[in-house]
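Structure, as structure tokens:
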Amino acid sequence: MTGNIIITGASAGIGKATAKLFLDKGWTVGLLARRVEPLNAMVQAHKNAIGLPADVTDDVSVDAAFATFAERAGHLDVLQTGANRRNRSARLARGG
């Protein structure tokens, strides 16, 4: 099974490890994090990675990241939040 997933906090730690797991299984993975350099390295290493530089505390940057993902991947199957602002992940899960 494969699909489309966005992972927040994808530049380091558990977010990065989770992203790598999904990338290796063939999923299209939106890598959302503040630090651009680690995202770029993962995008260069995986053709199914989409770099989404954004700060989860900034609604405008998160909205832009999701718009980019929708444009490139078509739809979202799973949202995995490792880095989030209280209540933001619940709002995203509801589609808004």
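Read-outs: derived from the displayed coordinates by stated rules, not from any lab. Owing to the predicted nature of the structure, the values given are computational and were not obtained by experimental measurement. All Cβ positions, even for glycine, are placed from backbone atoms using ideal geometry, and neighbour counts span all protein chains on display.
Points worth noting:
- For the chain, calculated [θ]222 nm from helices alone, where every DSSP H run of n ≥ 4 adds -39500 (n - 2.57): -13500 deg cm²/dmol
- Ranking of 34, 72 by count of other Cβ atoms within 10 Å, fewest first: 72, 34
- Ratio Rg/Rh [Cα only; Rh per Kirkwood] for region 4-93: 0.92
- Here the Gaussian network model covers the chain, with springs between Cα atoms less than 10 Å apart; of 32, 79, 52, 79 fluctuates the most.
- Put in order of Cβ neighbour count within 10 Å, fewest first, the listed residues 7, 14 become 14, 7.
- Gaussian network model of the chain, springs between alpha carbon atoms under 10 Å - residue of 77, 55, 63 with greatest fluctuation: 77
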